[in-house]
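Engineer: Questions regarding the structure given below will be posed in turn.
No value in this document is a laboratory result; all are computed from the given coordinates. Quick caveat: nothing in here was measured; it's all calculated off a predicted structure. Cβ: placed from backbone, ideal geometry, glycine included. Neighbour counts: every protein chain shown.
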Amino acid sequence: MQIIKGASGYAARLLGVQIYDAEKEYRVSPFCIFVTAEDGNVLAANLLTREILLLSVEELAFLQGNRFCGALARTFAEKWYLVAPEFDAYETVERVRALVAAAKSTPDVILDYQILVTHDCNARCFYCYETDRIARHVPMSEKTANAVADYILAHAHGKRVMLRWHGGEPLYNIEAIRTIVRRLTAAGQDFISEIYTNGYLFDADIVREGMEAWHLMRVQISLDGTEEIYNTCKAYIYKDDPSPYQRVMRNIGLLLETGVTLYLRVNIDRHNMDMLKSLADELYARFGSPENLGVYAVGLYEDRENINTVRTADGRTEIVNAIIEFDNYCRRLGIARENPLGNNIKLRRCLADNPSAIQIFPEGQLSKCDHAAEGCLCGDVVHGVLSQEAVTMWRERANSPANCRGCAIYTDCIRLKNCRDDGPAECDASYKAERLHKLENAVRFVYRRYLRAAQSENGEEK
Ligand code: SF4
Ligand code: SF4
């Protein structure tokens, strides 16, 4: 066996080496997944310790067998690919998460800010979940923007913070971004940022400003179709622009030139599923496959509490199959969004269960969730976090031992009880399939990186 990625992270450190006992009847850990790489080799990834091994044919046959003894059994057991009868997968992950949470608990330090500078937007996507907020749109005022900056300064405790510019369309209230950034910069606060935008309002000057003054690390643009579908679906307010799509494509080019990481998110449903390959071909023909471009699809927002948006099991399977097919297609073109298998098991779902993250609304209210805003406000930037009850409510989990014990992806799956974005209340086969697909590709990505590094090392030696 060859180690492609060493064991890492909290779980590996806390577990250490499993003591092998030849008297015990070992079984393959539920967190061991086998992944066939593009070159036909088989990798074994331990999602708990985050180790990835390249297996020989004999080693693979051994692990896929049912009698585990001898030297190989010892090796695989010590690395937690084989586990003893008393190993409880669910409890182990829970214990690691609880220990890390306790060790990292730093009340009052907030390092991750999702800032909605406006609810308003220059597009009118038919699926927008913000429409009622747009109707009441109140852009963040200069006074509130200054209060936001002061709140950040009071809670950063000298550490670097991440600012996520959100809306509505955040560039629709660029002045609020500028005010916050100016105040933080003047105070010497270290920060980086990313922006979630439709990309329409960028131009060369704003791109430069974003890179230099806002310290943009990542840009995510929603691009929901090829030209005609996009223009129809986005329904921009600019009736004199014959094709907003062309303008957004121009801006994608400007952003790619800067080297910033650019994710293109394609929201899909039945209305636009058929164009996915054409869109990928078009992006590839126009931009090639630069390292900083990552394209991916997601199923259109499915709000658990709104029966009109909840898909049937078959409908969900259809969407997930389309997402996976599109992802594979983009990968062949070299434009897929790639993520390596992380060094740690998943410790939190989102800002809702992240104690050092908060969302700020245009009027300065604090919240723990993107959606259901009115039901989950927990304070404001002037008075700080007021409702610990709301904060605690957002941490409640939907995973349960009855469902998740023995599930391979539990290390990377956290579902929150009050999240409206996780699809049906109980996870289903398509939910698992999509996540497993991502994890397998994260393993393949690490392997490809390993091979590239080995190749360039050999090249240099020669
Ligand atoms: S996919 Fe379902 S069963 Fe598996 S860990 Fe997530 S919630 Fe639990
Ligand atoms: S909708 Fe779900 S994923 Fe999004 S912030 Fe709220 S809890 Fe988190």
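Engineer: Are there any GluC sites (Glu not before Pro) in region 69-148 that are in a DSSP loop and have at most 12 other Cβ atoms within 10 Å? List them by number.
Structural biologist: When the GluC sites (Glu not before Pro) of region 69-148 are filtered for loop state and at most 12 Cβ neighbours within 10 Å, GLU86 remain.
Engineer: By how many nm would the segment from VAL109 to ASN403 grow when fully extended, if each residue of separation counts as 0.36 nm and the alpha-carbon distance is taken off?
Structural biologist: Contour length minus Cα-Cα distance gives 102.4 nm.
Engineer: Using all Cα-Cα distances in region 91-427, what percent lands in each 20 angstrom bin from 0 up to the longest?
Structural biologist: 28, 62, 10
Engineer: Once the other residues with Cβ under 12 Å from the Cβ of ARG405 are scored (Lys, Arg +1; Asp, Glu -1), what is the net sum?
Structural biologist: Around ARG405, the surrounding residues sum to -3.
Engineer: Still on this structure, please answer the following. What ranking do ILE33, ILE177 get, fewest neighbouring Cβ atoms within 10 angstrom at the top?
Structural biologist: ILE33, ILE177
Engineer: Using only helices, what value at 222 nm comes out for the chain when you add -39,500 (n - 2.57) per DSSP H run of length 4 or more and divide by the total residues, to the nearest 500 deg cm²/dmol?
Structural biologist: -12000 deg cm²/dmol
Engineer: Highest first, please rank the peptides 65-72, 407-414 by the mean number of other Cβ atoms sitting within 10 Å of their residues.
Structural biologist: Peptide ranking by packing, descending: 407-414, 65-72.
Engineer: Continuing with this model, one more query. Quick check on the chain: of the DSSP beta bridges with both residues there, what percent are antiparallel, nearest 5%?
Structural biologist: About 40 percent, rounded to the nearest 5.
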